[in-house]
Amino acid sequence: MIKRMAIALSLLAFAAGAQAQQKKLYCWDDADGNRICGDTLPPGATDLARTEIDARSGRKEAEVERALTAEERAQADAAAAAAAAEAAAEAERKRRDLAMVESYASEDQLRRAYGERTVLVDEGIKASLLGEAALRRSLVTLLDQANALELEGKPVPDKLLSGLRARHAELQKQQRILADQRAERAALELELADAVARYRAMKNPDAAELAP
């Protein structure tokens, strides 16, 4: 019995010693900038920046940053989401570049593929220009008719006025289509330059800086 009690007391002493060795001190600044230290953190200090110190050795163990506000957490989450999206986009770009290199055996083949797309866009622009010119001629004809009637002191029929408005609306629509096609053509040129640069970088990194 005495032996068992001695063992139990020894275990209790060891546990108490281990707890003493593991005990920490916490130091933080209050709202007035005063430095406060203690062996426990009061509820109001758990979100504050603090220094954690080993109570036995006096050695600093950690610097804990203050808790983020709801706005700061939202900003951090948004920044993390943006970084993840950029990483995913970069990975997708690399996959496309690899597929491009595997699809075209040479830079000339790549340029020819873009050339075929350019021809289609150019043909569309030509057709739109012809359509715009035809609408302009039609609109001018209707305007001339309306002007002639006004010079003669005659009223302009509703049908003619309606035709003028319809032709003008069609012309504006055609002009928007033509503007979109020209923007597509310019974007295609930039896309080709970028594709050639990336193709060269994949095929021969030493040539990545050369102009297309």
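Structure above, values below:
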item	result
Any hit, region 185-207, residues being hydroxyl-bearing (Ser, Thr, Tyr) and touching a residue at least 40 places away in the same chain (Cβ under 8 Å)	yes
Filtered residue count, region 124-148, keeping only those that are farther than 17 Å from Asp180 by Cα and either touching a Cys at 6+ places or on another chain (Cβ under 6 Å) or basic (Lys, Arg) (or both)	2
Flag for Ala195 being surrounded by 15 or more Cβ atoms within 10 Å (Cβ to Cβ), under 24 Å from the mean Cα position of the chain (by Cα), in the same structural domain as Leu130 (by TED's automatic domain parsing) and within 30 Å of Arg112 (Cβ to Cβ)	yes
Contacts under 8 angstrom Cβ, first residue in region 22-33 being touching a residue at least 12 places away in the same chain (Cβ under 8 Å), partner exposed (fewer than 10 other Cβ atoms within 10 Å of the Cβ) and part of a strand (DSSP E or B), 6 or more apart	Cys27/Arg35; Trp28/Arg35; Asp29/Arg35
Single condition Gln181 does not satisfy, out of (1) surrounded by 14 or more Cβ atoms within 10 Å (Cβ to Cβ); (2) more than 13 Å from Val121 (Cβ to Cβ)	(2)
Boolean, Arg111 is charged (D, E, K, R) and either over 31 Å from the mean Cα position of the chain (by Cα) or outside the structural domain of Arg185 (by TED's automatic domain parsing) (or both)	no
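Rundown of residues vs (1) within 25 Å of the chain's Cα centre (by Cα); (2) assigned to a helix (DSSP H, G or I); (3) outside the structural domain of Arg165 (by TED's automatic domain parsing), yes/no style:
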site: Ala31; (1), (2), (3): no, no, yes
site: Ala81; (1), (2), (3): yes, yes, yes
site: Ala84; (1), (2), (3): yes, yes, yes
site: Glu90; (1), (2), (3): yes, yes, yes
site: Ala99; (1), (2), (3): yes, yes, yes
site: Ser128; (1), (2), (3): no, yes, no
site: Leu143; (1), (2), (3): no, yes, no
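For every residue, the table says whether it meets (1) touching a residue at least 60 places away in the same chain (Cβ under 8 Å); (2) touching a helix residue (DSSP H, G or I) at 6+ places or on another chain (Cβ under 8 Å); (3) among the charged types (D, E, K, R); (4) farther than 25 Å from Lys203 by Cβ.
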residue	(1), (2), (3), (4)
Glu71	no, no, yes, yes
Ala83	no, no, no, yes
Glu102	no, no, yes, no
Val121	yes, yes, no, yes
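The values are calculated or read from the model by the stated rules, or taken from the named source; none is laboratory data. A quick note: this is a predicted structure, and the numbers were derived from the prediction, not measured. As a convention, Cβ positions derive from the backbone with ideal geometry for all residues, glycine included, and neighbour counts pool all protein chains shown.
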